[in-house]
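These notes are about the structure you will find just below.
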């Protein structure tokens, strides 16, 4: 970052203000919430259904605690420690916006690989992360919330957050303490993290009415995380997990709506003496002040200092105490189940929500039926995503901008569409063997129609039935000129498509193209398992759906992305909000492009020569360059204004002219004007899909990029003048 010139940095950051602002049972505890808000693993679902002991585990230790693969290894060790001690582990996380209680093996691996790119989720973040369908690691506070909703009484973690040293001036107090005062879960930990103010933390817990008990003899001191003891006396002491379970059980019977903090001293073999640790902390705090480190940067700095001062023992102690807490939590949970089984007591909750049993995440996927065509050739292109029944309503006559609240005369055209279907159709019409992989719902009129249509078409296909879901449908309302006014799309079934449904079908293809209707987890799995030589193309589909691709950015495994301007803006804003543009790796990649202080002047010249002022005035190029470190080729669909290519890849068949530019770091920028202006627009719903399908087909046949983009633009224009989503007239472009 430091070797960028002032002018370049000014140019690059000038793009930052563009984007959305300019244009986003008995005796067993039952879950408190409706099952649809939570997703359960098979293991956890079975445990809840059969009244088995469970231990909740947080997931920030996976996303923000250690790098991959150490974080995955650690998480599995903790889960196994719970199992060996007689309970079922339930690691809690947010996966694609779903509150997930218990992670399957692939989900845990995926979360571990995403690491700090996932959000750290506390109470305040839950609604945002779930509404935006993002991924997140749960903190102590949010893990407590979701554990209680799932009906899990015991939660194991390393240490809780608390009152920070100096909080009398900073007011820095962890949300963990507030949550303990209102969420009835027993939290098993090694005390308060020792870099915090233990005394003030205990005072806040007392104010919140939280029982604080140390697992140990009477008159034990309260443990200080790395150290078995501290200078603070524990408010309560109990000598066995059975006694702790009895306390938790009485808390339920009394209907006290608060948590319980169970502090477990660190094992003797790994404990660091309290005075020694305090001296290390004091020294680290002084360095923190000297270097003027504040806010969220303090904790990682202190932990790094302690690792250095203890010669790595602080990390090994941290690992050992987490495993110790997990084992003790399992013993407490097992004893608590025994208490419940001896009683007919059913806890009464203040929630008015009906108590429903757990819902397995695979309940809707039992025995899926697959319908597959038999192709004579192995497909070179695979299109994954939606196939739908489309209804396009074109209004007659002129209308004001106030259209809602009544009906209007219109012409209706029904056809088969869906982004992946349209891409597959366009690619197939260009003479390239192409296969569509999609989902259909249970028996219904749209399902029957789709099956009948594909059975007669030339497209190779594989359809996976998902019970209790509807097949995809799309309805668009156009003005009399054929431009889109409003559309509604029901593509929710596509979120159910899993990698196991299509894994074998991907083996022989050269190009894999998927739309934004599939889940981000499937996108990640496809990118993770692509073989050498395969290329992946992502068609964003819509603004809200385009951000799903961000979980694949860690490995830069996406070869092409084809956004329109709106989707480009959304994606640009999203990478900023996640802080991806502040990472050293991002800046290192940007610097490798060799963009110098004279670059802005060259861009201005390109903009004038191409007669495309939006390139600089609306920050289009800056946004592309922000995204380019994560995607090799960005092809922006500009509608009637043409297409923009920004590439860090080795692009074949691209000529350098007045509408193009190449940086010293081999970043290619080229603007392609639209071949002609379409005056009689009939149907815009499949135009962009036609472009992507034809482009994919041509580059799979080793067509040069210049020819591929120009021909794809012509094909898009033909579909724009057709009632069908993809015009069959594009066949005539095969030999161009």
TODO: Using DSSP, restrict attention to beta bridges with both residues in region 58-145 and report what percent are antiparallel, rounded to the nearest 5.
DONE: 65 percent
Task: For region 542-679: relative contact order, % (alpha-carbon pairs under 8 angstrom, 6 or more apart) - done: 28 percent
Open item on the list: How much length would be gained if the chain were fully extended between residue 308 and residue 257, taking 0.36 nm per residue of separation minus their Cα-Cα distance, in nm to one decimal?
Closed with: 14.2 nm
TODO: Label region 478-609 by shape, choosing from rounded, prolate and oblate, from the square roots a ≥ b ≥ c of the eigenvalues of the Cα gyration tensor; if a/c is under 1.5 it is rounded, and otherwise prolate applies when a/b is larger than b/c, oblate when it is not.
DONE: oblate
Task: Value of [θ]222 nm, deg cm²/dmol, for the chain, DSSP H segments ≥ 4, -39500 (n - 2.57) each, nearest 500 - done: -11000 deg cm²/dmol
TODO: Could you tell me which label, among (1) 403; (2) 183; (3) 308, carries the value of volume of the Cα convex hull per residue in Å³ calculated for this structure?
DONE: (2)
TODO: Can you tell me the alpha carbon radius of gyration of region 79-118 divided by the globular rule-of-thumb value 2.2 N^0.38 Å?
DONE: 1.26
TODO: Would you work out if region 591-736 is rounded, prolate or oblate? Take a ≥ b ≥ c from the square roots of the eigenvalues of the alpha-carbon gyration tensor; rounded if a/c is under 1.5, else prolate when a/b is larger than b/c, oblate otherwise.
DONE: prolate
Task: DSSP beta bridge pairing in the chain, given as percent antiparallel to the nearest 5 - done: 40 percent
Open item on the list: I'd like the antiparallel share, as a percent to the nearest 5, of DSSP beta bridges with both residues in region 540-698.
Closed with: 75 percent
- [ ] Determine by what factor the alpha-carbon radius of gyration of region 197-332 differs from 2.2 N^0.38 Å, reporting the quotient.
- [x] 1.17
Open item on the list: Roughly how far apart, in whole Å, are the Cα centres of region 53-81 and region 86-135?
Closed with: 12 Å
- [ ] With a/c under 1.5 counting as rounded, go ahead and sort region 113-196 into rounded, prolate or oblate using the C-alpha gyration tensor (a ≥ b ≥ c being the square roots of the eigenvalues; past the cut-off, prolate if a/b is larger than b/c, else oblate).
- [x] oblate
Open item on the list: Please compute the contact order of region 178-228 in relative form: average sequence separation of alpha-carbon pairs under 8 Å and at least six residues apart, divided by the residue count, as a percent.
Closed with: 49 percent
Task: Value of relative contact order over region 132-211, rounded to a whole percent, pairs C-alpha under 8 Å and six or more apart - done: 34 percent
TODO: Report, in whole Å, the centroid distance computed from the Cα atoms of region 202-273 and region 642-700.
DONE: 64 Å
Open item on the list: Please rank 590, 518, fewest neighbouring Cβ atoms within 10 Å first, as an exposure proxy.
Closed with: 590, 518
Task: Footprinting exposure proxy for 128, 499 (fewest neighbouring C-beta atoms within 10 Å first) - done: 128, 499
Task: Cα-based radius of gyration of region 680-719 once divided by 2.2 N^0.38 Å, which approximates compact folds - done: 1.15
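Values quoted throughout were computed directly from the atomic coordinates according to the rules given, and no laboratory measurement underlies them. These figures come from a predicted structure and were not determined experimentally. As a convention, Cβ positions derive from the backbone with ideal geometry for all residues, glycine included, and neighbour counts pool all protein chains shown.
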